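The values are calculated or read from the model by the stated rules, or taken from the named source; none is laboratory data. Here the structure is a predicted model, which means the values were calculated and not measured. Cβ placement follows ideal geometry from the backbone for every residue including glycine, while neighbour counts extend to all protein chains displayed.
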Amino acid sequence: MHGVAVGLYEVNHSGGVLGHKLIAKYVDDAADSVDALPAFRKLMLNHPSVIIGPFSPTIEAVINQFQPNNVVDFMVGGLTTLDHNTNKFVFRTSSSDSNESIAMAQYAISHGYKTAALLFDNSANSQGFVPPLEKAFKALGGKVVYDAALTPDASSYNSELLAAFANKPSVVFDSMDTQTAATLFGNAQSLGYMTNTVWIGDDLQSAPQGDYAKSFGPTASTNLVAALPATPSTADGAYNHFLADYQTVWRTTSIIPTTFNEYDSVVIAALAMTAANSTDPKVWVNDVIKVSNPPGITCGTYAQCVSYLKHGKKINYDGAAGNDDFNKYHNVFSGFQMLGFTSTLANKLDGYITPAQLAAVVAKGG
């Protein structure tokens with residue numbers, strides 16, 4: 001919710017949308033697909049002009065509800081099943097997990113880790129990483145020596161760990177919920193597998209002082225790395241402007257992951273409403289790509305972009321998360337930060353995978 005609050009501040013302190021202030025209504029789906037549809041129905045009682053969220057684990061439970069209910073959605077997360085999204089009313093400003101998988105593979109190979117064990121839980125979100133990760137790792141010269149689809153929240157993962165490390169992997173790729181991670185990491189510590197092997201996780205594991213890093217144990221500062229969509233500072237200063245807004249709203253510039261994606265989603269929606277001169281989602285949905293994609297005058301703040309629109313100019317919003325240029329599947333692309341941890345579990349930058357590097361891996365068949 002942090003990114004949404006900052007987006008609301010940006011829009012409302014720059015005149016709002018067509019003379020109206022944006023007001024947020026929040027519902028909680030408990031990160032559970034069973035609870036997602038009732039939460040969506042509760043939210044629809046407020047007749048929203050735009051919905052931000054949910055995250056990857058629950059989007060599929062409600063994705064077919066947006067178009068029939070004529071509401072535009074900006075989901076958050078990299079679920080690979082949305083790589084070829086054809087839903088007119090659904091967009092995302094965060095890069096796909098398939099690109100995140102390539103970044104994880106690229107980082108491992110660049111550090112000489114050429115044999116890998118895959119420990120991903122059997123949820124759709126986690127398993128979405130596996131095919132593109134295996135494909136990219138193989139294209140870069142790596143070999144997967146073990147692959148297990150873990151049953152979430154089991155009491156022990158000793159058997160899977162013993163089987164994985166019998167193959168002597170130089171790197172472990174993983175993705176799972178926090179409870180599964182706590183058990184798996186605890187078992188791995190007891191078996192001595194956290195000292196000599198690097199573990200590379202997805203963006204959920206990147207949070208500073210987060211549950212994943214805490215569960216990993218004392219070697220998190222040397223053996224845990226997580227991929228996270230990068231937060232580039234754009235040429236027009238959009239990211240710095242976002243940081244200033246974030247500081248005003250939350251009194252800190254230590255941002256929570258994905259907040260810049262949610263911020264951009266709010267701003268893009270507001271700009272599309274302005275360009276369409278309507279807050280009706282059936283109308284302004286057609287202007288989302290018009291305000292965010294080239295050609296057009298590049299702008300990175302809501303007030304600046306609105307000024308151009310009022311003068312009849314075509315704009316190209318480049319936001320805090322990057323260029324926010326949607327492809328035909330309403331997806332965007334970005335580079336990735338590879339984040340490690342200090343002894344106090346603060347983040348440290350261990351590497352950066354550029355969009356060009358991602359493209360090069362794809363060109364190799366990854």
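The table for this structure:
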quantity	calculated
Number of positions in the stretch 332-346 that are in contact with a Leu (Cβ under 7 Å, 6 or more places away or on another chain) and modelled with pLDDT under 95	2
So Lys313, is it of a type in the set (Lys, Arg), more than 20 Å from His20 (Cβ to Cβ), in the same structural domain as Asn240 (by TED's automatic domain parsing) and more than 24 Å from the chain's Cα centre (by Cα)	yes
Filter result for Ala227 (touching a helix residue (DSSP H, G or I) at 6+ places or on another chain (Cβ under 8 Å), part of a strand (DSSP E or B) and touching a residue at least 40 places away in the same chain (Cβ under 8 Å))	yes
Residue match in the stretch 56-79 (condition: in the same structural domain as Met194 (by TED's automatic domain parsing) and of a type in the set (Phe, Trp, Tyr))	no
Some residue of the stretch 326-345 being hydrophobic (A, V, I, L, M, F, W, C), in a helix (DSSP H, G or I) and touching a residue at least 24 places away in the same chain (Cβ under 8 Å)	no
Given (1) touching a residue at least 40 places away in the same chain (Cβ under 8 Å); (2) closer than 16 Å to Phe341 by Cβ, number of the condition Thr195 does not satisfy	(1)
Positions within the stretch 287-325 being part of a helix (DSSP H, G or I) and touching a Ser or Thr at 6+ places or on another chain (Cβ under 6 Å), in sequence order	Tyr302, Ala303, Val306, Leu309
Test: residue in the stretch 89-96 that is in contact (Cβ under 8 Å) with a residue 60 or more places away in the chain and within 22 Å of Val144 (Cβ to Cβ)	yes
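Per-residue answers, yes or no, for (1) of a type outside the set (Phe, Trp, Tyr); (2) more than 28 Å from Ala103 (Cα to Cα); (3) surrounded by 15 or more Cβ atoms within 10 Å (Cβ to Cβ):
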site: Trp250; (1), (2), (3): no, yes, yes
site: Thr258; (1), (2), (3): yes, no, yes
site: Asp264; (1), (2), (3): yes, no, yes
site: Ser292; (1), (2), (3): yes, no, yes
site: Cys299; (1), (2), (3): yes, yes, yes
site: Asp324; (1), (2), (3): yes, no, yes
